[in-house]
Amino acid sequence: MKILSLLIFSIFAAILFSSCRSQKPLGYVEDFTDTSAKVQVKYSEPLIQKGDVLSIVVYSDAIDGGATDAMYNLANAGTTDNASTQGFLVDMDGNIQYPRVGKIKAGGLTKTQLSEEIRKKLTGPLQNPSVLVHLLNYKITMLGQVARPGPITIPSEKMTIFEAIGLAGGITDYGKKEEVVVLRPTDSTIEHGTLDLSSKKVFESPYYFLRQNDVVLVNPNKYGARLGEQVFNQRLGLAFSVINMLILLYGIFSAN
């Protein structure tokens, strides 16, 4: 009877501490069932921020083989991610130093607005100038319950939340698809928004399109938060099972 009691207790302990509840994870845009429907998505061009590194290329109708244009295409060296990048660094006052022009306010402008501002300053020295502006250090950071957390460099300068999550390997089964947080730094504040990736309303959010330096946080769901506790309980249950089995064996051999 004593041996049977020990055996029952061993089995009960193993089941109690090793059991793990499972859930059916939410999908993406689960309520988007009408394939004929169209969703309006608003995209606003991101603003240039302090610390951005810009590529600025100037063309004109000069007939000297580009020699005149070259004087306005001398980029200063910016530094991003501990690597030297040729471009125009937006300083902490939001300005860039442009060759033969001097200081130009860039922070808070879109690329289109800055391009037009430079074009106006070069009209006269150059004949019919055209200015192309691109961001060289456009990146976002993925944190939390994604397969590959970390920074992501975006060469296209346009990225949706779904594309970013795809590049990060997707959200794990323990991540909250219905409460993905986006942190968006500005000059003096940090904006934040919450996205429900299981709803088609995500397309209406101003955070659907990400901007440079955004941080995306995928927090754990209640099962993810319990995952560490479950692993601990599983190991504890295994330890109890081993101990009780040793007690059982000891009782058997002692009886003999």
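Points to keep in mind about this one:
- With θ taken as phi - 60° and the Karplus curve 6.51 cos²θ - 1.76 cosθ + 1.60 applied, the whole-hertz 3J(HN,Hα) list for region 196-208 is 9, 6, 8, 10, 5, 5, 4, 5, 8, 7, x, 9, 4 Hz, x standing for glycine and proline.
- Cross-link table LYS111/LYS176; LYS105/LYS201; LYS42/LYS121; LYS177/LYS201; LYS176/LYS200; LYS200/LYS222, entries beyond 25 Å C-alpha to C-alpha: LYS111/LYS176; LYS105/LYS201; LYS42/LYS121
- For region 126-230, diffusion coefficient by Stokes-Einstein and Kirkwood Rh (Cα), 37 °C, 0.692 mPa s, µm²/s: 220
- Mean Cα-pair separation over length for region 104-200, i.e. relative contact order, pairs under 8 Å, 6 or more apart, %: 16
- Proximal charge balance of VAL146 [Cβ under 12 Å; K/R count +1, D/E count -1]: +2
- In sequence order, calculated HN-Hα J values of region 170-182 (Karplus, 6.51, -1.76, 1.60; Hz; x Gly/Pro): x, 7, 6, 5, 9, x, 8, 5, 8, 9, 8, 9, 10
- Long-range HN-HN contacts of SER130 with modeled amide H, under 5 Å: TYR59, SER60
Laboratory data are not the source of any read-out in this text; all were calculated from the coordinates shown. What you are looking at is a predicted structure, and each value in this text was computed from that prediction instead of being measured. Please note: Cβ atoms are built from the backbone with ideal geometry, for glycine as well, and neighbour counts cover all protein chains shown.
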